[in-house]
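Below is one structure, written out as structure tokens; the observations come after it.
The values are calculated or read from the model by the stated rules, or taken from the named source; none is laboratory data. All values derive from a computational prediction rather than experimental measurement. Please note: Cβ atoms are built from the backbone with ideal geometry, for glycine as well, and neighbour counts cover all protein chains shown. Each accessible area value is taken on the protein alone, full model and side chains, heavy atoms only, with ligands, DNA and RNA left out. Shrake-Rupley method; radii C 1.70, N 1.55, O 1.52, S 1.80 Å.
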Amino acid sequence: MKAALEQAQLAANAGEVPVGAVITRDGAVIAAAHNAPRTLADPTAHAEVLVLRAAAKALGQERLEGCDLWVTLEPCAMCAGAIAHARIARLYYAAPDPKGGAVAHGARVFEHPQCHHRPEVYSGMGEDEAAGLLRSFFEERRSPSKDIQPSTD
């Protein structure tokens with residue numbers, strides 16, 4: 001999870017929502033990515049989708065059987081669907097996402113009978129750090145700029 005958290009920090013540094021993801025197989029990192037929808041002008045450029053693409057390319061196959069996905073935030077419905085299609089063996093996520101998550105919240109994609117592959121799911125590793133990154137990122141964007149001085153007129 002440490003490598004995924006490092007990716008999340010890279011996303012924050014780039015002005016993206018701080019979500020990072022890493023795929024491993026047999027303990028070795030196959031691919032790493034972070035959120036980049038703004039940077040790439042691509043609404044599907046979530047960390048999970050980008051890391052799945054990179055791992056598939058690195059391995060030369062679309063099915064990532066035997067691979068583990070480590071991500072700093074509970075995947076959304078789009079990402080959960082992609083995880084199922086990729087046949088990820090185990091999903092580890094740090095922070096829950098009650099508003100947009102689709103694993104333990106919302107759509108609960110892996111529980112649907114139409115979902116033909118269900119990874120083992122583990123949550124909570126690195127939750128405090130991941131949640132802290134997200135909280136800081138959004139607090140910074142909601143607070144008034146320190147450079148702007150109030151008018152004295």
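Quick look at the numbers
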{"read-out": "Options (i) 123; (ii) 147; (iii) 99 - which one matches volume of the Cα convex hull per residue in Å³ as calculated here", "value": "(i)"}
{"read-out": "Whole-angstrom gap from the range 13-64 to the range 69-124, using each part's C-alpha centre", "value": "15 Å"}
{"read-out": "Separation in nanometres of the label points that stand 7 Å from Cα toward Cβ, at Arg108 and Met125", "value": "2.4 nm"}
{"read-out": "Solvent-accessible area of Ser136 with every protein chain in place, 1.4 Å probe, in Å² to the nearest 10", "value": "70 Å²"}
{"read-out": "Beta bridges by DSSP in the chain, antiparallel share as percent, to the nearest 5", "value": "55 percent"}
{"read-out": "Assigned charges on the beta-carbon of Lys, Arg, Asp, Glu; the range 1-151 dipole about Cα centre (debye)", "value": "260 debye"}
{"read-out": "The chain: calculated mean residue ellipticity at 222 nm from DSSP helix runs of at least 4, using -39500 (n - 2.57)", "value": "-11000 deg cm²/dmol"}
{"read-out": "Amide proton proximity set for Ser123, modelled H, under 5 Å, gap of 5+", "value": "Tyr93"}
{"read-out": "Coordinate range along principal axes, alpha carbons of the range 1-90, Å, largest first", "value": "33, 24, 22"}
{"read-out": "Computed lengthening from Ser143 to Lys57, 0.36 nm per intervening residue step minus Cα-Cα distance", "value": "26.9 nm"}
{"read-out": "Sparse-neighbourhood loop sites, trypsin sites (Lys or Arg not before Pro) in the range 41-141 - DSSP loop, at most 10 other Cβ within 10 angstrom", "value": "Lys99"}
{"read-out": "Gained length - Arg87 relative to Ala28, 0.36 nm times residue gap less alpha-carbon distance", "value": "19.5 nm"}
{"read-out": "Carbon/sulfur fraction of accessible area - the chain, other protein chains in place, 1.4 Å, %", "value": "52 percent"}
{"read-out": "Crossing angle, helix 77-86 versus the chain [Cα axis fit, 0-90 degrees, rounded to tens]", "value": "30 degrees"}
{"read-out": "Between 0 and 90°, nearest 10: helix 2-13 axis offset from the chain longest Cα axis", "value": "40 degrees"}
{"read-out": "Inter-site label distance for Ala14 and His116 at 7 Å from Cα along Cβ, in nm", "value": "3.2 nm"}
